[in-house]
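Reading through the structure tokens given below for one structure.
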Amino acid sequence: MTFIKNNLVYPSDGGVQGRVIVGFVVEKDGSITNVDIVRSVHPALDEAAINFVNKMPKWIPATNKGKIVRSRYYLPILFKI
């Protein structure tokens, strides 16, 4: 939560608000790849959400039957004034 509070930048584009859903893949090493917008609200919010996800530190990768695997994750980001 601290990372979100310190790194999510609200765009100064006329008071647009809403929930953007970002999809991405968490690789076996925890890095984030294939970032895309699943649900768009406004291009400025989409860009802010993508920039935020690209700044995130490495995640703990998923496991399946004891083996580390790639996983797809969907993150809703709420932009509200």
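Below is a table of values for the structure above.
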| quantity | calculated |
| --- | --- |
| Considering residues of region 50-60 that are in a loop (DSSP other than H, G, I, E, B) and out of contact with any Phe, Trp or Tyr (no Cβ under 9 Å at 6 or more places or on another chain) only, the residue surrounded by the fewest Cβ atoms within 10 Å (Cβ to Cβ) | 60 |
| Odd one out for residue 63, checked against (1) assigned to a loop (DSSP other than H, G, I, E, B); (2) more than 12 Å from the chain's Cα centre (by Cα) | (1) |
| Index of the failed condition, residue 19 passing every other in (1) more than 30 Å from residue 67 (Cα to Cα); (2) among the charged types (D, E, K, R); (3) assigned to a loop (DSSP other than H, G, I, E, B) | (3) |
| Matching residues, region 22-49, being within 14 Å of residue 75 (Cα to Cα), surrounded by fewer than 16 Cβ atoms within 10 Å (Cβ to Cβ) and either in contact with a helix residue (DSSP H, G or I) (Cβ under 7 Å, 6 or more places away or on another chain) or not acidic (Asp, Glu) (or both) | 23, 25, 33, 34, 38, 39, 40 |
| Conditions (1) surrounded by 12 or more Cβ atoms within 10 Å (Cβ to Cβ); (2) out of contact with any Ser or Thr (no Cβ under 6 Å at 6 or more places or on another chain): number failed by residue 76 | (1) |
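Throughout, read-outs are computed from the coordinates displayed, never taken from laboratory work. Values in this document were obtained by computation on a predicted structure and should not be read as measured data. Note that we place each Cβ from the backbone using ideal geometry, even for glycine, and neighbour counts take in every protein chain shown.
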